[in-house]
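Scroll down for the structure; my scribbles are underneath it.
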Amino acid sequence: MSRVLITGAGRGLGLAFVRSCLERGDTVWAGVRQPQKAPQLTELQAKYPQQLHLIPLDVTDAASIDSAWQQLQAEAGALDLLINNAGINSMSADAGGSAAHLRLGELDSNRMLAMFHINAVAPLMLAQRCIDLLAAGENPRIINISSWLGSLTNKTSGGNYSYCASKTALNMLMRALAFEVISKGIITVIFNPGWMQTDMGGPRAKLTPEESAQSILKVTEKLTPSDAGRFLNWDGTEHPW
């Protein structure tokens, strides 16, 4: 049984992580911007009243992160697993329109910076705030949900500037973090979750969020200090940088 914080927990892969962690007996703190607008989490909380706690969490807001830390400190005292899952892509409802991210000549720097904040900087800020809780945990782990689109090796076409670059930035930030916090016993890795049947991935995707989440959690259980800073696929195989 682990104490787990999951961001972007209201839908898609984040919700699948919540379900998978609850089913294996973990105590879960599910972070979403507006818990009252997350009906599936509310239903799960009714089913798992002792295991599931909802945290109002805007990962781009320092005060919100601090408030979440205070709730975790009061209710858990330590953290065993942080899942940095929250993120948006160029087609997300709050991304400001795809042209701001996809098409040369129509790119918008403010929109691009907002995506970098959510996808790359925010996970680092949350991890930084939770280091003391993780250091007090048992076999602490930080896992970060990236994308195959963050791979420099796999980038062979133009366009999709913001999302690809923000995930590449996430990879570097978390690799740097991994080497710094391993001395505290915290293992940090980056995952490509695969092409999933979510709002981002669409219905033609091959993986369900549940399949991806369960596989990532199984891989996470087997991590050793030598894995710190690796970029892995959902099945544990190496992903090219």
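The values are calculated or read from the model by the stated rules, or taken from the named source; none is laboratory data. Every value quoted in this text rests on a predicted model; they were computed, and no experiment measured them. FYI the Cβ positions are ideal-geometry reconstructions off the backbone, even for glycines, and counts take in every protein chain you see.
Among Ser64, Ser92, Ser109, which is surrounded by 14 or more Cβ atoms within 10 Å (Cβ to Cβ) and over 30 Å from Gly185 (Cβ atoms)?
On the way: Ser64 fails: over 30 Å from Gly185 (Cβ atoms); Ser109 fails: surrounded by 14 or more Cβ atoms within 10 Å (Cβ to Cβ).
The unique qualifying residue is Ser92.
Let's see how each residue does on (1) at pLDDT 95 or above; (2) under 20 Å from Ala68 (Cα atoms); (3) within 17 Å of the chain's Cα centre (by Cα):
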| site | (1), (2), (3) |
| --- | --- |
| Pro123 | yes, yes, yes |
| Leu126 | yes, yes, yes |
| Leu134 | yes, yes, yes |
| Cys164 | yes, no, yes |
| Leu173 | yes, no, yes |
| Leu177 | yes, no, yes |
| Ile182 | yes, no, no |
| Gly194 | no, no, yes |
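Considering only residues that are farther than 18 Å from Ser215 by Cβ and surrounded by fewer than 20 Cβ atoms within 10 Å (Cβ to Cβ), look in region 1-24 and name the one that is modelled with the highest pLDDT.
Arg11
Hey, among Arg175, Arg141, which residue is of a type in the set (D, E, K, R), without any contact (Cβ under 8 Å) to a residue 60 or more places away in the chain and either out of contact with any Pro (no Cβ under 6 Å at 6 or more places or on another chain) or more than 25 Å from Leu217 (Cβ to Cβ) (or both)?
Details: Arg141 fails: without any contact (Cβ under 8 Å) to a residue 60 or more places away in the chain.
Result: Arg175 is the single residue among Arg175, Arg141 that is of a type in the set (D, E, K, R), without any contact (Cβ under 8 Å) to a residue 60 or more places away in the chain and either out of contact with any Pro (no Cβ under 6 Å at 6 or more places or on another chain) or more than 25 Å from Leu217 (Cβ to Cβ) (or both).
Does Leu57 fit the bill of being buried (at least 21 other Cβ atoms within 10 Å of the Cβ), modelled with pLDDT of 95 or more and over 19 Å from the mean Cα position of the chain (by Cα)? Steps first, answer last, please.
Numbers: buried (at least 21 other Cβ atoms within 10 Å of the Cβ): yes; modelled with pLDDT of 95 or more: yes; over 19 Å from the mean Cα position of the chain (by Cα): no.
No.
What number of residues within region 148-165 are within 24 Å of Ala16 (Cβ to Cβ) and touching a Ser or Thr at 6+ places or on another chain (Cβ under 9 Å)?
5
Inspect all residues belonging to region 26-45 and state whether any of them is within 18 Å of Ala136 (Cβ to Cβ), acidic (Asp, Glu), at pLDDT 95 or above and surrounded by 14 or more Cβ atoms within 10 Å (Cβ to Cβ).
The answer is yes, given that some residue of region 26-45 is within 18 Å of Ala136 (Cβ to Cβ), acidic (Asp, Glu), at pLDDT 95 or above and surrounded by 14 or more Cβ atoms within 10 Å (Cβ to Cβ).
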